[in-house]
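The values are calculated or read from the model by the stated rules, or taken from the named source; none is laboratory data. Keep in mind the model is a prediction, meaning the values are calculated, not measured. Using ideal geometry, Cβ is built from the backbone for each residue, glycine included, and neighbour counts are taken over all protein chains shown.
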Amino acid sequence: MSQPDAPNVLLVVLDSVRARNTSLHGADRPTTPFLASFAERATDYRHAYAPGTESVSSHASMFTGLHVREHGLTNRRSRLAPGHTIWESLSAAGYETGVFSNNPFLTELPVGLRDAFGTVAGRERELPYPRGVNPKNFVIDAGDGVGKYVSFLRAAVRSGRPLGSLVNGLSFKLSGTRERYLPDAFTADSSAEVYAGLFLEWAAERDGPWAACVNFMDAHYPYQAGDEPRFGDDGLLALQAEIADSGDQAWEFVGGQRPWAERLSLEPLYDDAIRRMDAQLRRIVEALADRGELENTLLVVTADHGEGFGEPSPVREDWRIVGHGNGGVDDALLHVPLVVRWPGPGDGDRVSGRDADGPVGGDRIDAPASLTGFADAVARTVDVDADLPAGAASWGDPFVPDGPVVAATDGLDPDTEQAALAYCDDLGPLSTPADAVYEVGGDAGADGDAGADGAPRTDGDVSTGRVCKYVRWGDVTATLDVTGGREVVESWDDGGRVERTVAGLADAGVRTDGDSDVDDDVRARLEDLGYA
């Protein structure tokens, strides 16, 4: 069991935030001034990559330490079996665990992720009066709206909390159709401010060590720019609302019903949303510091994947990057921020290096890093028994493997593919699996030479700053130089790197068939987020 002074664990996920749009990585707009400053007192991984391009696959990898090709959880039709996450290991060691987000894959859908936590705070906590009647149980659709509305009113009157229940009703966007029966002004707040507050309130009430995942969704489409956007304007907010009401945030562009320039024009709203999350990250860090808990907390700040605004894919001339989880493994979707503050006094200068005995030395890591290292980082910091992949304990830095960093996607999931076909006659490579492999140095020659043991050759020198990426997307392979955050194709041949790497990733047997059926409210939420 854990000791009273055991370190806390906090994973903050800035959902959908790609590295290139953060101040930390040199963005033109000041989107993450606090994170950039905080990174100076922590470990900044400059080449960190998400394991997948979807929330469910990347979070499953972070929680289990398994690669996407090992756990296979890539859509809502699968389920992570119990007993394989670091959160469950922490719970068994005496930690109180919680997840705070309105991301349905974490707090609503039966994919097994929410089951890893003792406390689950999702959209139901957005209601002004959580103890009142929940109007989400009375979803109104075009066929029986009046009857369900009357039922809600009766339940509100009989609840003993009629006023609070009625306010809940006014705050909720009645779903089941894109027609709204209440003004948006009454919509419950789902911003990072709400979930930062829920987490801080929960953490303050813990008597012993705690471990939490806080996922902010402001930068996930539709972008929550706030009441006073700094980079966007009312015109862009109106355009975003028009796109949401008329069709789909990705497929109208892919199908040619809307010009790509409109998609790109929404990027300032995305940047506003990132800045809002950065402010709430600062709120959390300062609150923990004021409580004297920060120096006893492992704090990991990252993103589960990035976002596309219509940029051409470097490896597929017939594809533009839009949204996420819609095909491909381009760096707009995989290159993410990763900042880690290890427990310790002062400014938290105890940071990760390559020492086999633990995290020491250096504050900037240029070697490729993977978010799959989160579970191992926690296990080492807390010293708990965890079901981690073989060989994880030998890594000098939990986030920097001795071998390559890998990422993968299965392409469009069945539900999204069905929705896309309403706009597109030909989905091309989007439903085709894709894999990426990142290595330090590398051999980018077109001949694809390998070492004597068949493994890719690398120069092994992180100081060169060179990072190579190998891609296999359907029948296309490529070698790219991704140094400095740019993808430059050097060869239309990966030298067999991806095939050899993926061949070494076996199914871990942690996935079961899930329940793809969801209620009308959750289905409407998925549609609002751009999922089928």
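Tell me, yes or no, whether region 461-474 has at least one residue that is within 24 Å of H305 (Cβ to Cβ) and modelled with pLDDT under 80. The answer is no, given that none of the residues of region 461-474 is within 24 Å of H305 (Cβ to Cβ) and modelled with pLDDT under 80. Of all residues in region 273-288, those that are over 14 Å from Y195 (Cα atoms) have Cβ atoms under 6 Å from Cβ atoms of residues that are hydrophobic (A, V, I, L, M, F, W, C) and not in a helix (DSSP H, G or I), 6 or more apart or on another chain, in A273/A219; A273/A225; I274/V17; I274/A219. Checking each residue in region 63-99 for being acidic (D, E) and more than 29 Å from A203 (Cβ to Cβ) picks out only E70. Residues in region 406-416 that are acidic (D, E), at pLDDT below 85 and buried (at least 17 other Cβ atoms within 10 Å of the Cβ): D413 only.
What are the residues in region 320-346 that are surrounded by 22 or more Cβ atoms within 10 Å (Cβ to Cβ) and part of a loop (DSSP other than H, G, I, E, B), if any? Across region 320-346, the qualifying residues are H324, G325, N326, G327, G328, V329, D330, P337, W342.
Tell me the residue from S37, S91 that is free of Cβ contacts under 8 Å to residues at least 12 places away in the same chain, farther than 20 Å from Y270 by Cβ and surrounded by fewer than 24 Cβ atoms within 10 Å (Cβ to Cβ), please.
Working: S91 fails: free of Cβ contacts under 8 Å to residues at least 12 places away in the same chain.
So the residue among S37, S91 that is free of Cβ contacts under 8 Å to residues at least 12 places away in the same chain, farther than 20 Å from Y270 by Cβ and surrounded by fewer than 24 Cβ atoms within 10 Å (Cβ to Cβ) is S37.
Scanning region 70-124 for residues that are within 17 Å of the chain's Cα centre (by Cα) and among the polar types (S, T, N, Q) yields T74, N75, T85, S101, N102, N103, T107.
G353 fulfils the conditions (1) crowded, with 19+ Cβ neighbours inside 10 Å; (2) at pLDDT below 90 except for a single criterion, (1).
All but one of (1) part of a helix (DSSP H, G or I); (2) small (G, A, S); (3) surrounded by fewer than 24 Cβ atoms within 10 Å (Cβ to Cβ) hold for A27; which doesn't? A27 satisfies all of (1) part of a helix (DSSP H, G or I); (2) small (G, A, S); (3) surrounded by fewer than 24 Cβ atoms within 10 Å (Cβ to Cβ) except (1). Might you check whether a residue that is more than 30 Å from P398 (Cα to Cα), charged (D, E, K, R) and more than 21 Å from the chain's Cα centre (by Cα) occurs anywhere in region 288-298? Checked against the condition, which is being more than 30 Å from P398 (Cα to Cα), charged (D, E, K, R) and more than 21 Å from the chain's Cα centre (by Cα), region 288-298 yields no hits at all. Of all residues in region 110-121, those being crowded, with 22+ Cβ neighbours inside 10 Å and not in a helix (DSSP H, G or I) number 5.
Can you work out which of the residues in region 190-208 that are closer than 30 Å to A250 by Cα and either crowded, with 22+ Cβ neighbours inside 10 Å or of a type outside the set (A, V, I, L, M, F, W, C) (or both) is modelled with the lowest pLDDT?
To start, the set of residues in region 190-208 that are closer than 30 Å to A250 by Cα comprises 190-196.
This time we only want the ones that are either crowded, with 22+ Cβ neighbours inside 10 Å or of a type outside the set (A, V, I, L, M, F, W, C) (or both), so: 190-193, 195-196.
Working: S190: 83, S191: 90, A192: 94, E193: 93, Y195: 95, A196: 96.
Per the criteria, the residue is S190.
Where helices (runs of 4 or more DSSP H) fall wholly inside region 209-302, the ranges with 2 or more residues that are within 30 Å of P429 (Cα to Cα), modelled with pLDDT under 95 and of a type in the set (D, E) are 234-246. Among the residues of region 36-69, those identified as over 18 Å from the mean Cα position of the chain (by Cα), in a helix (DSSP H, G or I) and not aromatic (F, W, Y) are A36, S37, A39.
From the list F138, F105, the lone residue that is modelled with pLDDT under 95, surrounded by 24 or more Cβ atoms within 10 Å (Cβ to Cβ) and among the hydrophobic types (A, V, I, L, M, F, W, C) is F105. Cβ separations smaller than 6 Å between residues 6+ apart or across chains give the following pairs from region 477-503 residues that are part of a loop (DSSP other than H, G, I, E, B) to residues that are of a type in the set (G, A, S) and surrounded by fewer than 21 Cβ atoms within 10 Å (Cβ to Cβ): D493/A446; D493/G448; G495/G448.
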